[in-house]
Amino acid sequence: MGLREFTGQALDSFMAMPVYIQLSSLALFLLIVISSIDLFRNRSLRGKKNSIHPNSELLRFCGGDQDKAGRLINHERRRAPQISQKKAEERALESYKRDRRI
């Protein structure tokens, strides 16, 4: 049995299913694909430690709380994964100032 025959039989058996089962299967498949993409995308950011310079302005605005500064930087990196650590830190500081109206 070749691939073409197998694919044809699989498609025929899928089409023979009731519509509600077809839709449920499709929804489950899409949910798995979207979850996998999201997990893969966020996994690269989750494990990274942010090396924040001790004299960083962001760290100063966060009252020396490195965890808080790291969360702000990670938020910016999730919004734009391609940006550098330095750029994420700058954006985090801008957002912090804007939110605090400083």
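The residues of the stretch 58-82 that are more than 19 Å from R100 (Cα to Cα) and of a type in the set (G, A, S) amount to a single one, A80. Every condition in (1) under 30 Å from E94 (Cα atoms); (2) at pLDDT below 90; (3) assigned to a loop (DSSP other than H, G, I, E, B) is met by M1 except one, and the failing one is (1).
The values are calculated or read from the model by the stated rules, or taken from the named source; none is laboratory data. Since this is a predicted model, take the numbers as computed values, not measurements.
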